[in-house]
Structure formats: structure tokens, C-alpha cells
Amino acid sequence: MKLVKNFLWNAGYQVFILLVPLITIPYISRVLGPTGVGINSFTNSIVQYFILFGSLGITTYGNREIAYQRDSKEKLSQTFWEIALLRFVSIFIATICYLVFVFFSHQYQTFYLIQGIMLIGAAFDISWFFMGMEDFKVTVLRNAFVKILSLILIFTLVKRASDTGIYILILAASQTLGYITLWPYVRKVVSFVSFKKLNLFRHLSPSIALLIPQIATQIYLQLNKTMLGTFRGVEASGFYDNSDKIIKMVLAIVTATGTVLLPHVAHSFANGDHAAVKRSLVMSMHIILVLAFPMVFGLVAVSGPFTLIFFGHKFASVGSLMAVESAVIVFIGISNAIGIQYLLPTNQIQSYTASVVLGSVVNIVLNVPLILMWGTMGAIVATVISEAIVSGYQIYKIRQQLPIFSLFKGIWKYALSGLAMFMVIVVIAQLFTPGVLGIMVEVLVGIVTYVAILFMLQPKELFSYVTRFRKK
């Protein structure tokens, strides 16, 4: 039951943090205008690179290491302080480099300095500790409170284009506050350890190893938009970004199992319970796929009218982009299960890194010809192909470690149920004038149809794993 609660907390929060920008974007766009929004977007993209390098790969590495050591308070405390202090040191170095960059910048220096608060705040980020302890409630509640506070401050204090600096300050300061408020909870779990006993730099190499796939992922995600802007203009980049936002919001629910199960699997692996590790992966794969297929078919069915209602007629082309990009939900779901929930907890970092780097290279190579031929749709197709290759490579790497057949047994039942749901939604769409009410009815009827057909097909694998999942 604990895993179910953790999944719901994390999935809910992932959707929440994606919904907040969707609430503020229409308001901020009108108040700050293209220039203000552009300044924040550009200066924030720069500081994020320094945060990425300064944080190393500690978010994932720390999560796993805490899960390894949580049965021993002494080892847990030492591991926590070593990783936390290493993060302070690395962020300090990144901050010095950032200040040098700002000093030599001739534009936006004030905005860069305000954005720098995020970099300093990153030093206090210990969310990885609570993830490793499988205590998601603390981070979710604290961060949700801070997000709501920032939402209120934005609507209260940001009134005109000249308030761009205030807007950036609210975002940076609220995020930092969220990190700091997590620290009082640590005192209840860990004890202080003498600095002489600490060996910070034993964690440096494995942290950097986990940083590499993060860099690969971030680079190709950003390059998609950069290449579209270069070859096809900024509008093409904007269309891609809007489609990607919706897909990422849906993916947050599917991939929430990865964040929840990583520490659980790592703990089982540390205790030598390899059978539990394999059971968790098979269970997780079925849960992911039973969620992914209806989301894909559902997005394809409603993408057109949803785009017109949410983004407006100027973004009508986003509907077809979203329909094609929705395929990545299945591929990323599979790679999340194998990569995040199996390869990383079992310390197979090289295989995980190779899969992500391979996907990045394929994406970048395909982008140029496909964008030149098909514009934004070309970038979408390149993304889908690259994610499929990441999943395929990971399946290939584990083929001798796990029963691949068990991972995907009964998958046709999820796909068939999703296809039936899609057909029902298409029929219902003919009965309603495109609008919010029509989409709500289509979604509700679609869910009922999917669940009903799923029960008719009786996927025994899923039902048995869900029963076991509820008990954990």
C-alpha cells in the first residue's frame, strides 16, 4: 500500500507542477509581453546549465544511495552528509563560474543575478534524500505549498511589463524557499557526523557518471527547439514546445512509477533480493503500459479540438503534432521502467548512459533532414524514433537478465482496449459540437470503455501484479 500512496503523491505533484505554468502563462504573456517573457526564458535557460553541472547527477545518485543505506542509521547519516556537502561544494564552484559569466555579460546582468538565486537554492535541494527514504509526502506537500504561494504572489505583484524582475524573483525565491523548508525534517532521521569521518569525494565519480545521461537528454531536448528556430523560424519552435508541454504533462503520470520504485528496487538489490527486483520491474511494466495505451489513443482522438480550445486557432497545427508525438508515451514508459527502475538501481549505469546517448545522437542526426523536409513534424518524428531506439536498446541489454516475454505478456489486451476506446470517442465526437463539454464527455466515456473492455479481456498478469502492488 505504501508504493500506491507514493505513486499517487508523486503523480499528483508532477501533474500539479506542470499545471501551474499553464495557469500563469496566459496572464504573464499579456502582462510582461514578448520581451519580458523572452528575457525570463533566455536568462533562465542559461542558469539551468550551471545548475545542471553544479548538481552533478546527485538527484538520481543520492536517491539510490540513500535507499541502499537506509536500514542503518549510522551509514545513512554518513551517506547523507557526504552527498549533501559534495553538492554544496559543486554548487559553490558552479556559482563562482556563473558570477564570472555574469560579470562579462553586457546584457541582462540584473536579471542574471536574480536568476542566480535558483543556483544558490539548488545547493539546499535534498529532495533526493526523501525519495531514497520513500517519503514522498514531505516533498510533495512542501513544494506544492511553495508553488501555490508563488502563484498568489505573481497575480498580486506582477502588474506591468516593468515587473519582469519581480516575476523572476518570485520564481527563484519560492523555489529556494521550498528547498530550505525540507531541512528541519532531516533532523528526525539522521544524526550529525564528525567532518573527519566524511569522505565526500568517493561519491564524485558515480555522480558524474549519472550526470552524463542528463546532459545528453537536456542537450537534444533544447536542440530540437534551437534547430526548428534556426531552420523554420521561432513559430515552428513554439508549436513544438506547446505540443511537448501537453505530452510531458501526461507522461508525468506514467513515469511517476519510476521515481517511486527506484528507491524500492535499490533497497531490494542492496539486500540481495534479486527476485524482488525482477518482480518489481515486471509489475511496474504492466502498470505503465496499462496507463500508457489509453493515454496515447485518447490524445490522438481529442488532440484536434483540444488544441483549438486550449491554445487557440493560431496553434491549430499543434493538434496533429500532438497526435504523432503521443507515441513517445509508450516508448518513454518502457525506457523509464527498464532504465530508471532496473538499470540504475542495479548499478548498470554504463548501459543506461549508452542508451540515452544513442537516442540523443539519433535524434540530432535525424533532425536536420526531417526538419528541412517536414518542418516541426520532422522534429516530432525524430523524437519518436529516438525514444523508440532508446527503449529497443535497453530491452536488448537486459534480454539475458530478465524474462522479456513476462515484461510484455498480454500487451495486446491493453492495445486492443485502447483502440476500442479510440473508436468509441471518434463516434461520440460526431454527436457534439467541438467544445469543452464535448471533450469531457468523450474522455469520460473513453475511460469507461477502456476499463470495461479490459475487464472483459481479463489481463490476469495485470490483476495479479496490482494486488501485490497494493500490499507493498
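Stretching residue 27 away from residue 347 to a fully extended chain increases their span by 110.7 nm, per 0.36 nm per residue minus the current alpha-carbon distance.
Once the chain from residue 92 to residue 423 is taken as fully extended at 0.36 nm per residue, the excess over their C-alpha distance is 113.6 nm. Residues 331, 231, 129, arranged from fewest to most other Cβ atoms within 10 angstrom of their Cβ, appear as 231, 331, 129.
Suppose the chain between residue 103 and residue 145 were pulled fully straight at 0.36 nm per residue; how much longer would it get relative to their current alpha carbon spacing? Intermediate results must be reported in sequence, preceding the final value.
Working: separation 42, 0.36 × 42 = 15.12 nm, distance 3.46 nm.
Residue separation times 0.36 nm, minus the Cα-Cα distance, leaves 11.7 nm.
Annotation note: trypsin sites (Lys or Arg not before Pro) in the range 85-165 located in DSSP loop regions with a Cβ neighbour count of at most 11 within 10 Å are 159, 160. The ranking of 387, 74 by Cβ neighbour count inside 10 Å, starting from the fewest, reads 74, 387. From most to least packed by mean Cβ count within 10 Å, the peptides 59-72, 407-420 give 59-72, 407-420.
Using 1/(1 + (r/R0)^6) with R0 = 51 angstrom and r between the beta carbons of residue 113 and residue 455, what's the FRET efficiency to the nearest 0.05? Computed FRET efficiency for residue 113 and residue 455 comes out at 0.30.
Assuming R0 = 30 Å, can you tell me the calculated FRET efficiency for the pair residue 241 and residue 202, based on Cβ-Cβ distance, to the nearest 0.05?
It comes to 0.15.
Laboratory data are not the source of any read-out in this text; all were calculated from the coordinates shown. This one's a predicted model, so the numbers in the text were calculated from it and none came from an experiment. Counting neighbours? That spans all protein chains shown, and the Cβs are built from the backbone with ideal geometry, glycine included.
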